[in-house]
Amino acid sequence: MRKTTRWEIAELSATAAELWREYLATPGADPGTGRWVADRFGDSAELATDLCELVLRGVKRATAPCVAEFLLAGEPIPVPGDHLVVLDGLGRARCIVRTTRVTIRRYEEVDAAFAALEGEGDGSLAWWRREHLPYYQRVLAPHGLMPTPRLPVVCEEFERVYLPADRTG
């Protein structure tokens with residue numbers, strides 16, 4: 001799950017911009033589309049830290065915000081080659097991931113393979129559905145919206161491309 005609040009490059013924390021520059025300076029770095037944002041997964045600091053740790057360990061390789069989150073925030077839906085500087089719950093830049101695949105599916109169409117890629121909970125589809133529905137309710141309710149089984153979900157797969165040794169702990 002990706003929180004929809006994003007910062008413009010000029011407003012990014014120094015650590016996020018610094019981490020992006022470090023990545024670009026590494027041999028073989030691929031800027032992809034050249035588009036990047038700094039953000040955290042989840043809708044609370046605690047969840048953001050937990051999900052960041054899963055990314056750092058290589059367990060979490062996907063995320064599933066709903067399309068409405070992007071529309072409400074006026075943000076573009078990620079495309080392959082985009083990058084995300086992953087922030088923990090304290091806003092610290094911890095690693096960089098690159099989007100590798102994006103599909104839009106209805107909530108009811110998300111499958112077990114995708115749930116396993118998200119790497120959360122026990123990795124099952126049952127767990128994914130049990131936890132994601134309340135998440136979508138929390139992020140949509142302030143806008144007077146409620147999720148349904150037909151809710152369009154952005155199933156974004158990614159690979160971790162940069163993990164500086166001094167930011168893993």
Only one residue in Val102, Val97, Val85, Val79 is touching a helix residue (DSSP H, G or I) at 6+ places or on another chain (Cβ under 6 Å), among the β-branched types (Val, Ile, Thr) and modelled with pLDDT of 95 or more. Which one?
Val85
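With respect to Ile104, determine if the residue is on the phi < 0 side of the Ramachandran plot, in a loop (DSSP other than H, G, I, E, B) and open to solvent by 10 Å² or more (accessible area, probe 1.4 Å). I'd like the intermediate steps shown before the answer.
Values: on the phi < 0 side of the Ramachandran plot: yes; in a loop (DSSP other than H, G, I, E, B): no; open to solvent by 10 Å² or more (accessible area, probe 1.4 Å): yes.
No, not satisfied.
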Check Leu145, Leu90 and return the single one that is within 19 Å of Asp43 (Cα to Cα), in a loop (DSSP other than H, G, I, E, B) and in contact with a Ser or Thr (Cβ under 8 Å, 6 or more places away or on another chain).
Leu90
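Go through Leu163, Leu145 for me and flag whichever is within 18 Å of Leu51 (Cα to Cα), open to solvent by 20 Å² or more (accessible area, probe 1.4 Å) and in contact (Cβ under 8 Å) with a residue 12 or more places away in the chain.
Details: Leu145 fails: within 18 Å of Leu51 (Cα to Cα).
On inspection, the qualifying residue turns out to be Leu163.
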Of the conditions (1) over 21 Å from Val139 (Cβ atoms); (2) open to solvent by 70 Å² or more (accessible area, probe 1.4 Å); (3) modelled with pLDDT under 90, Glu18 clears all except one; give me its number.
(3)
Please name all residue pairs, on different chains or six or more residues apart, with Cβ atoms under 6 Å, provided the first residue is in segment 62-83 and is in contact (Cβ under 8 Å) with a residue 12 or more places away in the chain and in a loop (DSSP other than H, G, I, E, B) and the second residue is of a type in the set (S, T, N, Q) and crowded, with 20+ Cβ neighbours inside 10 Å.
Pro78/Thr99; Pro80/Thr99; Asp82/Thr99
Tell me, yes or no, whether segment 30-43 has at least one residue that is surrounded by fewer than 17 Cβ atoms within 10 Å (Cβ to Cβ) and in a helix (DSSP H, G or I).
no
Identify the residue in segment 115-142 that is open to solvent by less than 40 Å² (accessible area, probe 1.4 Å) and of a type in the set (Phe, Trp, Tyr) and, among all such residues, is farthest from Val55 (Cα to Cα).
Tyr136
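The values are calculated or read from the model by the stated rules, or taken from the named source; none is laboratory data. As the structure is a prediction and not an experimental result, all values here were calculated from the model. Because the Cβ atoms are built from the backbone with ideal geometry, glycine has one as well, and the counts that use them run over all protein chains shown. We work out accessible area using only protein heavy atoms, side chains counted, and drop any ligands, DNA or RNA first. Shrake-Rupley method; radii C 1.70, N 1.55, O 1.52, S 1.80 Å.
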